[in-house]
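Heads up: the structure comes next, in structure tokens.
The values are calculated or read from the model by the stated rules, or taken from the named source; none is laboratory data. Please read all numbers here as calculations on a predicted model, not as lab measurements. Cβ atoms come from the backbone with ideal geometry, glycine included; neighbour counts cover every protein chain shown.
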Amino acid sequence: MMRELVKKDPVAELAQREYVLDEIKLLFRLQRLIETDFRKCKYREYYAALIGISLYRLDKMGKIHLGLTVYQMIQHRLFQEALKLLREGKDSVKEITFELGFRDQAYFARFIKRRTRLSPLEVRNLRKAFG
């Protein structure tokens, strides 16, 4: 009975859908920016400034629609690239470390190990074992 009293406002629903679409468009733009700039800049404030909204709002949109913060999106992209480079085996771990903008090999090794429980060399050797 209570439902009959509350009428849905089609204009409000449409406005809400438009708002969500705008947020999703911003997140696609963010992902494109991360894809092109993740090697040169890992600062989430940089991406928020490029998009022209606050980092708080960008993080909130990311959490709602993707389940990830801007920082997590950047880290995820870095990790994907690190795995790709390690599997290709063309560059040394040291070269990959600096190519991806890490301070030193120890920090890069912790970055990989935290996500895979393997060292960068072990990740590289997996490619050889299963490759």
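Values computed for the structure shown
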| item | result |
| --- | --- |
| Unique residue being farther than 22 Å from T36 by Cα and either assigned by TED's automatic domain parsing to the domain that holds L26 or modelled with pLDDT under 95 (or both) when the list is R124, R110 | R124 |
| Near pairs, Cβ below 8 angstrom, 6+ apart or cross-chain, from the stretch 26-39 (free of Cβ contacts under 8 Å to residues at least 60 places away in the same chain) to any residue that is hydroxyl-bearing (S, T, Y) | L30/Y47; L33/Y47; I34/Y47; D37/Y46; D37/Y47 |
| Evaluation of V123 against (1) free of Cβ contacts under 8 Å to residues at least 40 places away in the same chain; (2) in a helix (DSSP H, G or I); (3) farther than 30 Å from R29 by Cβ (one fails), failing number | (1) |
| Matching option when the condition is in a helix (DSSP H, G or I), touching a helix residue (DSSP H, G or I) at 6+ places or on another chain (Cβ under 8 Å) and aromatic (F, W, Y), among F102, F108 | F108 |
| Count of the stretch 67-88 residues which are surrounded by fewer than 16 Cβ atoms within 10 Å (Cβ to Cβ), touching a residue at least 24 places away in the same chain (Cβ under 8 Å) and not charged (D, E, K, R) | 1 |
| Flag if D91 is acidic (D, E), surrounded by 13 or more Cβ atoms within 10 Å (Cβ to Cβ) and under 30 Å from L26 (Cβ atoms) | no |
| Flag if R39 is at pLDDT below 90, assigned by TED's automatic domain parsing to the domain that holds D59 and not in a helix (DSSP H, G or I) | yes |
| Hey, K63 within 12 Å of the chain's Cα centre (by Cα), outside the structural domain of G101 (by TED's automatic domain parsing) and without any contact (Cβ under 8 Å) to a residue 12 or more places away in the chain or not | yes |
| Residues of the stretch 72-122 satisfying the condition of being small (G, A, S) and over 29 Å from K60 (Cα atoms) | G89, S92, A106, A109, S119 |
